[in-house]
Amino acid sequence: MRKYVLDAHTHTIACGHAYNTITELIDAAAQKNLEMICITEHGPALPGAPTPLFFANYRVIPGKINNVKLLKGIESNIIDADGNTDIPMTFIDSLEIISASLHTPTFIPQTKAINTGAVLGAIANPQVDFICHLGNPTYELDYEAILQAAKKHNTLIEINNGSFFIRKGSKSNCEWIANRCKELEIPIIIGSDTHFASDIGDFPYVDKVLDTVGFPDELIMNLDTKRLLDYLESKGRVLFADPREYAQELFLIND
């Protein structure tokens, strides 16, 4: 088993169908010696998901809790055939990491061409950092076209550990995607898709797939936090900003 130091895909009670608070996820991550987790709450178009104001107020959450770094982001929903998403653009500066996904309540599975076009549109969006759980067999997709576009747009591809038990039938698709990412030298990012804290940072099924295809460690974001942080900063993300620093500077000046 590789030593994974970050989990890129987690959810809290704010999404309406997960069962832990941010603090509980952080505590579970600390117990597993993770260095960083990403809170990627579902976008507002998904039933039960938080409103845009939830994402706007991310700024009050510290960037490091219990010695675990915290990136605050969104798992946006692809909402139409053009690949538009529900990223709350008014509050885009509050988001440190952004993924995009197909979910049946916000995008009903259609033909292979339409499904693929929707994903391609999201990949072309410079705000999207990675595409989640492509192995989901609910959506017929042209994986070759999607991965070629990901390579062109420097978009990461997620291999989702939760898919192996939540989205049954994903295994063969994930193996193909992982092998083709290896051949195309596309970096991958791994998410637990945690909806209950015990899953955080655990990637046993993804790890087996990566072994099966001989995936190179240097293309795995989760083995070094700097890889992910450098990638996000190269896209212009401002990370770990703390509004409290502004108040501190005010009082230093007045003193």
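The values are calculated or read from the model by the stated rules, or taken from the named source; none is laboratory data. All values derive from a computational prediction rather than experimental measurement. For neighbour counting, all protein chains shown are included, and Cβ atoms are generated from backbone atoms with ideal geometry for every residue, glycine included. Just the protein is used for accessible areas: all its heavy atoms, side chains included, with ligands, DNA and RNA removed. Shrake-Rupley method; radii C 1.70, N 1.55, O 1.52, S 1.80 Å.
Quick check on the range 128-193: take the gyration tensor over C-alpha atoms, sort the square-rooted eigenvalues as a ≥ b ≥ c, and tell me if it's rounded (a/c under 1.5), prolate or oblate. Here the range 128-193 falls in the prolate category. Of the residues 202, 207, the one with the largest accessible area comes first in the ranking 202, 207, computed with a 1.4 Å probe on protein heavy atoms. Partners of residue 208 within straight-line reach, counting lysines whose Cα lies under 18 Å from its Cα and excluding those fewer than 8 residues away in the same chain: 3, 168, 171, 182.
Any chance you could give the angle, 0 to 90 degrees and rounded to 10, that helix 244-254 forms with the longest Cα principal axis of the chain? Helix 244-254 and the main axis of the chain meet at about 30 degrees. Under a model in which nothing but the beta-carbon of Lys, Arg (+1) and Asp, Glu (-1) is charged, the chain shows a dipole of about 320 debye around its Cα centre.
Under a model in which nothing but the beta-carbon of Lys, Arg (+1) and Asp, Glu (-1) is charged, the range 53-194 shows a dipole of about 380 debye around its Cα centre. Under 17 Å from a point placed 7 Å out from the Cα of residue 208 along the Cα-to-Cβ direction: which residues of the range 134-160 have their backbone N that close? From the range 134-160, the list is 159-160. Among 129, 230, 27, the residue with the largest mean-square fluctuation in a Gaussian network model of the chain, with springs joining Cα atoms closer than 10 Å, is 230.
When the chain is described by a simple charge dipole with +1 on each Lys and Arg Cβ and -1 on each Asp and Glu Cβ, the residue from 70, 139, 160 located farthest towards its positive end is 139.
Positive end of the dipole of the range 5-100 (Cβ unit charges, origin at the Cα centre): among 22, 33, 57, the Cα lying farthest that way belongs to 33.
Packing around the peptides 235-243, 151-159, taken as the average count of other Cβ atoms within 10 Å per residue, puts them in this order, highest first: 151-159, 235-243.
Largest GNM mean-square fluctuation among 73, 162, 48, using the chain with Cα springs under 10 Å: 48. Please give the calculated 222 nm ellipticity per residue for the chain, where each DSSP H segment of at least 4 residues contributes -39500 (n - 2.57) and the sum is spread over every residue; nearest 500 deg cm²/dmol? When only DSSP H runs of four or more count, the value is -10000 deg cm²/dmol. Highest mobility in the GNM of the chain, judged by mean-square fluctuation with C-alpha springs under 10 Å and restricted to 84, 161, 222, is found for 84. Under the criterion of Cα pairs below 8 Å and six or more residues apart, the relative contact order for the range 1-98 equals 27 percent. Relative to the longest principal axis of the Cα atoms of the chain, the long axis of helix 204-213 lies at roughly 50 degrees.
To the nearest ten degrees, helix 171-184 and the longest principal axis of the Cα atoms of the chain are 80 degrees apart.
For Cα pairs less than 8 Å apart in space and 6+ apart in sequence, what is the mean separation divided by the residue count of the chain, i.e. the relative contact order in percent?
Across the chain, relative contact order equals 22 percent.
Across the options 247, 204, 223, the greatest Cα extent toward the positive end of the charge dipole of the range 193-255 (unit charges at beta carbon of Lys, Arg, Asp, Glu) belongs to 247.
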